[in-house]
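> Can you keep this structure in mind? I'll have questions shortly.
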Amino acid sequence: LQLSEQGIDTPGACQGQEACDAYCGDSAHLDECVNFGEKAGLISPEEVRMIKKTGGKGPGGCSNKKSCDMYCQDDDHLDECINFAAQNGLMTDQEKTLAKKNGGKGPGGCRGKEECDTFCQKEENFDQCLEFGRQNGMMNDQEYQDAKKMGSKMMKGGPGGCKGKEECEAFCQ
């Protein structure tokens, strides 16, 4: 069903994805489009806050996740993207330092939390991820030794299927 058929007025009365993207690509319509997107359930309240905070523009003027991801995959834009993310609460100071140290890449060249989590959940990547964590101060010596002892058994989870120190401590308490 078209939104207009559902009784939802589109911003600027635009019809279709292309027309609405063009209309909402104009920063003069930012508030109208963001309010519409939130009301229609197309964007989350968190995304609304971020859009309003940044004026709907990311590093290099990117305006959506896809274009920002493409822009930030270019190593020439790494510092700009890391600084933008840190300034806008998308990464902690520790993550910023780690990203700059490693060129924005994690073990196996992964980028971003989702991609790195997916990479590190594969049993064959366990040792590489463990070493990356140790070299980058993500675990202390005792945690490293414990993980090394447990080996890839950790990939299957601890008690209750928990994964990682925080999750397992929470489960065991």
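The values are calculated or read from the model by the stated rules, or taken from the named source; none is laboratory data. Everything quoted here is computed from the prediction, not taken from an experiment. Glycine gets a Cβ as well: all are built from the backbone with ideal geometry, and neighbour counts include every protein chain shown. The area values use the complete protein model at the heavy-atom level, side chains included, leaving out ligands, DNA and RNA. Shrake-Rupley method; radii C 1.70, N 1.55, O 1.52, S 1.80 Å.
> Please verify whether Gly12 is loosely packed, with under 12 Cβ neighbours inside 10 Å, modelled with pLDDT of 85 or more and of a type outside the set (Val, Ile, Thr), treating the condition exactly as stated.
no
> Look through segment 153-163, keep the residues that are surrounded by 13 or more Cβ atoms within 10 Å (Cβ to Cβ) and modelled with pLDDT of 65 or more, and return whichever of them is nearest to the chain's Cα centre (by Cα).
Lys163
> Hey, can you tell me all the residues within segment 52-93 that are within 14 Å of the chain's Cα centre (by Cα) and aliphatic (A, V, I, L, M)?
Met70, Ile82, Ala85, Ala86, Leu90, Met91 - these are the residues of segment 52-93 that are within 14 Å of the chain's Cα centre (by Cα) and aliphatic (A, V, I, L, M).
> Evaluate segment 105-125: report whether one residue or more is of a type outside the set (S, T, N, Q), touching a Ser or Thr at 6+ places or on another chain (Cβ under 7 Å) and either more than 26 Å from Gly55 (Cα to Cα) or crowded, with 18+ Cβ neighbours inside 10 Å (or both).
yes
> Going by the structure shown, is Gly56 of a type outside the set (Ser, Thr, Tyr), touching a Leu at 6+ places or on another chain (Cβ under 8 Å) and in a loop (DSSP other than H, G, I, E, B)?
In short, yes.
> If you scan segment 80-104, which residues turn out to be open to solvent by less than 50 Å² (accessible area, probe 1.4 Å) and under 17 Å from Met138 (Cα atoms)?
Listed by number, the residues that qualify are Met91, Leu98, Ala99, Asn102, Gly103, Gly104.
> Let me ask another. Taking the condition of being assigned to a helix (DSSP H, G or I), open to solvent by less than 70 Å² (accessible area, probe 1.4 Å) and either touching a Cys at 6+ places or on another chain (Cβ under 8 Å) or not hydrophobic (A, V, I, L, M, F, W, C) (or both), how many residues in segment 37-48 meet it?
Total satisfying the criteria: 1.
> Which number in (1) among the hydrophobic types (A, V, I, L, M, F, W, C); (2) closer than 30 Å to Asn102 by Cα; (3) open to solvent by less than 90 Å² (accessible area, probe 1.4 Å) marks the one condition that Leu30 misses?
(2)
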